[in-house]
Structures are given as C-alpha cells and as structure tokens.
Amino acid sequence: MMNKQEILKAIRVYAKKLGRNPNLRELRKFAGITEAAIAKEFGRLSKALEEAGLEAVGSGFEVATSALLTDWGAVARKLGKIPTAHEYTEAGKYSHQPFWSRYGSWARVRQAFRTFAREEKVEGQWVDVLKLIARREEDLRKSRERGGRRLSPLLKDRPVYGEPLLIPGMAHAPVNEAGVMFAFGVLAPRLGFVVKRWQVEFPDCLAVREMAKGQWQDVNVEVEFESRNFLKHGHDPKKCDVIVCWIHNWPECPKEIEVVELSKVVGLKG
C-alpha cells in the first residue's frame, strides 16, 4: 500500500494528465490507489486533493477558469516569458488540455488572461505578466511587418512543418491538401459536421450537418489547401456546398458556397 506522500504525488501526476482532479475510480484504475488507502491517510478524497495542492472542487470536476489562468500567469512569471504549451505542462499544475477545451488554441490564452485580469480587477497583481503579454504581441506584430521572414535558412535535408498547433492528434499546421483533410477530420465534431464518406472524385467528402435543431442534411464538401485552388482545379460550384481550406484567398468565391478557413478556427489567423 502506498504511503501518504506517494499518494499525493500520484494525485498530482494524474491531475496534470487529465487536466482536472481525478476521481476515486480513476485513481484506482490508473494508480492503484484504493478508497481504503485514501480513507486511512486522509479520511476523504477532497482532503487528499487539498493536501496535494489542488483546488478541492470534488472528484472529476473541471478546473475553475480562474485557477487555470492564475496558474498560467504564475508559470509565465516564474519563466520570465510567455510559456509554450510544453513549457506550461512541465512547470504548471495542470495539463494544456483544459486550455484547448476553453480557448481552442494556445495563442488565445494570452488574451484570455488579460481579460481575466481586467474583469477580476487584479491587473495590479499581474503587471509583470501583462507586460510579458504586451511584449510578445509587439514581437509578433514586428514579425508580421517583416513579412514573417525566417531568422535562419531552411535546412535542405529536413522536412518542413507548419506552425505548432494545440489540436489533439495533430502537432503542426498542414502544408498541403492532405494535411487539411486530416485537420478537418480532427475538427469536424467541433464544426458540427459528421463525415459519411471520403472519395477520390469531386467533391472530396460527403458529410451531414445539423441545419436546425434535430434536423440533419447532406452537404458536399471540397477540401483545398487554398480556397482559390477550387477555381484552379476547375470544379463545378453547383455541386459543392462547403469549401474547407487552410487559407481563404478567393474573395470572388460564389456566395452560395460556405468557406470554412481552418487556420481561423484554431486561432492561427485573426
């Protein structure tokens, strides 16, 4: 049987992995901690969570947004910079999953923290972190003004990836149509689509979508890396309902066709 410190360590580990407080069933299944062990050392689970340094909101409850953002701010303060998702997971109390669930991309956490500080009237407590956010956004603005040029030349013997993403199951932004297909598959539930069939002929995908409450209909979906490739490939607009793309650069797209720009969905484009 685990001793008290071992139980507390296991609780912290699984809280970070899950992005919330583990419940008794999860502790028994993943860490081998029985209810009897919790009762012997702490009396009840809420007390164990408290001693583990977690917000004792009950087993299985999501982490409060205030606790999540406060911990993000504490990590930024400790590192002296805006943390990446990996850096936060290493140094923070939680995993990056609850941030993804709430904000859709890691880049949006900065704005969420700034809004939180303003609305809760705690800006004075986080002056240093708010300065880090402002500095980061200024650096991004200057980078955009420079045309986003690379600081180093590309290495010829290495593959090229897109920007890092915070999508479960997809590490980087797509750089071709196949990548957009995969990204759409990952994001389809969030966008309200259910894929029925992929096919080699036009259109790429037959999906269903909820048009009104409880009423679903078929939609023809064409996937392109850039929306203007639809025109380049000579597709018939009358046989397509939705274009799913990474970059929307076809302003003359027929109004009857809906364009879903995935780079906006994940927050890489404003």
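Percent of Cα pairs in the chain per distance bin of 10 Å, from zero to the largest separation: 6, 22, 25, 23, 17, 6, 1, 0. In order along the range 205-219, the Karplus-derived 3J(HN,Hα) couplings, from 6.51 cos²θ - 1.76 cosθ + 1.60 at θ = phi - 60°, round to 9, 10, 10, 10, 9, 6, 8, 9, 4, x, 10, 10, 9, 5, 9 Hz, and Gly and Pro are given as x.
Cβ-Cβ distance of Lys121 and Lys9, R₀ of 51 Å, FRET efficiency by 1/(1 + (r/R0)^6): the value works out to about 0.90. The phi torsions of the range 24-41, fed into the Karplus equation with coefficients 6.51, -1.76 and 1.60 and a -60° offset, translate into couplings of 4, 4, 5, 5, 5, 6, 8, 10, x, 8, 8, 4, 5, 5, 4, 4, 5, 8 Hz, rounded to whole numbers, with Gly and Pro shown as x. Averaged per residue, the range 1-130 has 52 square angstrom of accessible surface, using a 1.4 angstrom probe with ligands and nucleic acids left out.
Springs join every pair of Cα atoms under 10 Å in this Gaussian network model of the chain, and among Lys17, Lys81, Lys196 the largest mean-square fluctuation is at Lys196.
Rounded to the nearest 10 degrees, the inclination of helix 4-18 to the longest alpha-carbon principal axis of the chain is 10 degrees. To the nearest 10 degrees, how steeply does helix 127-145 sit against the main Cα axis of the chain, on a 0 to 90 scale? Approximately 20 degrees, to the nearest ten. For the chain, a Gaussian network of Cα nodes joined below 10 Å ranks Pro98, Pro164, Pro251 by mean-square fluctuation, and the top entry is Pro251.
Relative to the longest principal axis of the chain, what angle (0 to 90°, nearest 10) does the C-alpha long axis of helix 108-119 take? Tilt relative to the chain: about 60 degrees. Residues whose amide H falls under 5 Å from that of Leu165, counting only those 5 or more places apart or on a different chain, are His172, Ala173, with hydrogens built in the peptide plane. Taking amide H positions as modeled 1.01 Å from N, with prolines and chain starts lacking one, the residues under 5 Å from Asn21 and 5 or more places away or on another chain are Gly60, Phe61, Val63.
DSSP assigns beta bridges within the chain; of those with both partners inside it, close to 60 percent run antiparallel.
For the chain, a Gaussian network of Cα nodes joined below 10 Å ranks Trp100, Trp250, Trp126 by mean-square fluctuation, and the top entry is Trp250.
The values are calculated or read from the model by the stated rules, or taken from the named source; none is laboratory data. Please read these numbers as outputs of a predicted model, since none were measured by experiment. Cβ coordinates were reconstructed from backbone atoms using ideal geometry, including for glycine residues, and neighbour counts include every protein chain displayed. We work out accessible area using only protein heavy atoms, side chains counted, and drop any ligands, DNA or RNA first. Shrake-Rupley method; radii C 1.70, N 1.55, O 1.52, S 1.80 Å.
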